[in-house]
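First comes the structure, then the notes that go with it.
The values are calculated or read from the model by the stated rules, or taken from the named source; none is laboratory data. Keep in mind the model is a prediction, meaning the values are calculated, not measured. In this analysis, Cβ positions are derived from the backbone assuming ideal geometry, glycine residues included, and neighbour counts consider all displayed protein chains. The area values use the complete protein model at the heavy-atom level, side chains included, leaving out ligands, DNA and RNA. Shrake-Rupley method; radii C 1.70, N 1.55, O 1.52, S 1.80 Å.
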Amino acid sequence: MQKMIDGISVKTSGKVGKQAIVFIHGFPFDHTLWDDVVSEFKDEYYCVSYDIRGLGKSEIGDAQFTMESYTQDLENIVFELKLDNPILCGFSMGGYVALRANERESYKALILANTATNSDNDKAKLKRAAGIAKIDAKGVESFIDDFFLAAFSEGFIKKSPQKIEEIKENIMSFNPTGIKAALLAMISRTDTTQSLEKTDIPVLLITSENDKIIPKETMKQMALKIKNSTFISLSKSGHMSMIENLDEFKSAMGKFLKTI
């Protein structure tokens, strides 16, 4: 079922009343990133996925977004849907949202995929600024082409050009202003590293052997700081773990969910 909540396009799958999982996509995608994962778990769980504000079919408003406003949007969805102690599942930028939400509220568990706790250093800020400038100068397509070279492994790009093109065409339908606003929102995020040691809920951390954006070691160090953590590294995958290695991703997630 599709619905709008305060300008956010939300999709729900499964039966209301079952344990809820809220899926938070990464940059610069939308909720469809999770479709195959949701399809796996919708019979046993109440699955909620949504388009982060300014991306997909969510409204863009004034496009002045921060990581705090993204987190508030998540909390509004949980409140409006009356979700009782949901599990948060965040990928990359969605993981930044989940980590910040974990500092503000209490949740049943966290699933963090290909993400990190550190805020942007100066080099990262300049890289995001260059991305905005590239979109302004050459358009979204040029930016996406470069981004995909880092996000997807070389093997997947060669093996699945049609899938790559489908994802690219979807992003090309978004408002470029929303994509640029997301880059600025990521610059605005705070460092959530210190909160890891205070986290006592179950946390699954999924990384990839060939992630060129957030290295495996970064997430391994995160796992070491969390009392109740499960660390999984997916083989033959780049940053886009749930796309490149869907079966291993679903298996890791399924095993974790059974423990809680």
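Summary table
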| read-out | value |
| --- | --- |
| Verdict on S233 being touching a residue at least 60 places away in the same chain (Cβ under 8 Å), in contact with a strand residue (DSSP E or B) (Cβ under 7 Å, 6 or more places away or on another chain) and over 29 Å from Q72 (Cβ atoms) | no |
| Residue count for the range 224-246, restricted to those that are of a type in the set (K, R) and within 26 Å of P28 (Cβ to Cβ) | 1 |
| Residue check, T218 closer than 30 Å to K163 by Cα, buried (at least 16 other Cβ atoms within 10 Å of the Cβ) and of a type in the set (S, T, N, Q) | yes |
| Selection from the range 184-224 of residues that are within 17 Å of the chain's Cα centre (by Cα) and charged (D, E, K, R) | R189, D191, D211, K212, K216 |
| Subset of the range 106-126 (residues that are surrounded by 13 or more Cβ atoms within 10 Å (Cβ to Cβ), out of contact with any strand residue (DSSP E or B) (no Cβ under 7 Å at 6 or more places or on another chain) and of a type outside the set (S, T, Y)) | A116, N118, D120, A124, K125 |
| Filtered residues of the range 138-181 (kept if within 16 Å of H239 (Cβ to Cβ) and of a type in the set (G, A, S)) | A150, A151, S153, G155, S160 |
| Complete set of residues in the range 1-60 that are surrounded by 23 or more Cβ atoms within 10 Å (Cβ to Cβ) and modelled with pLDDT under 95 | none |
| Flag for D145 being of a type in the set (D, E, K, R), on the phi < 0 side of the Ramachandran plot and either assigned to a loop (DSSP other than H, G, I, E, B) or open to solvent by less than 50 Å² (accessible area, probe 1.4 Å) (or both) | no |
| Test set (1) without any contact (Cβ under 8 Å) to a residue 24 or more places away in the chain; (2) part of a helix (DSSP H, G or I) - K82 fails condition number | (2) |
| Breaking point among (1) of a type outside the set (A, V, I, L, M); (2) in contact (Cβ under 8 Å) with a residue 60 or more places away in the chain; (3) crowded, with 19+ Cβ neighbours inside 10 Å, for T190 | (3) |
| Considering residues of the range 195-215 that are touching a Lys or Arg at 6+ places or on another chain (Cβ under 7 Å) and open to solvent by 70 Å² or more (accessible area, probe 1.4 Å) only, the residue farthest from L99 (Cα to Cα) | E209 |
